[in-house]
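Here the structure is laid out as structure tokens; the discussion comes afterwards.
The values are calculated or read from the model by the stated rules, or taken from the named source; none is laboratory data. Just so it is clear, the model here is predicted, and its values are computed rather than measured. Side chains are part of the model used for accessible areas, which takes the heavy atoms of the whole protein and leaves out ligands, DNA and RNA. Shrake-Rupley method; radii C 1.70, N 1.55, O 1.52, S 1.80 Å.
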Amino acid sequence: MFICSFICNDFDNGILKNIISRGYSRQSIFTAKFMAVIVSTLFMVILNLVAVFAVSSALYHNIGSIYALFIPQLIILVFGLISFAGIFFMLCSIFKKSAPTIVVSLLALLALPTGISIISSYLHINLSCLWLGNAVSTLAVNNISVQTLLASGVCIIVYLVVSYIVSISVVKKLEV
């Protein structure tokens, strides 16, 4: 919701036209917005993790050693949320309206894993590593391998780069 509001309101309210008229390039505007979305997502996730740690430590005392066991899961969770923020940013840049973006975002979260598994079965190649949600599904496992962490790291980079390139390509051709 935050990302849709942050990006789509500029299109709806004509703010983008005013910013462009001041001489800023579309690429610099959306690069700054992309970085703001990623940094704010990271900030909100870390703030949430700190709050959970503080409350659970206050309630259950000496829980810090237990949290150390969940560091790989937390890393994958952070990677997943930042990747999804990149996807949502891309969809907002494409659709430019809040309602269609929210609908497509929710449908994409449901359809992408299914589409990837259909393509995988058709091509007889395991493409499940392309969907970061598969790594997020390993959060329930106690021992996450280094390979899973590395695959998640590569996945976040690919998601962010693709989201950024598509977003910039769309807004460069945009009439304001």
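Values for this structure:
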| item | result |
| --- | --- |
| Residue, farthest from residue 172 (Cα to Cα), within the range 14-59, restricted to residues that are among the charged types (D, E, K, R), assigned to a helix (DSSP H, G or I) and open to solvent by 50 Å² or more (accessible area, probe 1.4 Å) | 17 |
| Helices (runs of 4 or more DSSP H) wholly inside the range 67-176 that include at least 2 residues being modelled with pLDDT of 80 or more and closer than 28 Å to residue 26 by Cα | 71-95, 98-123, 146-172 |
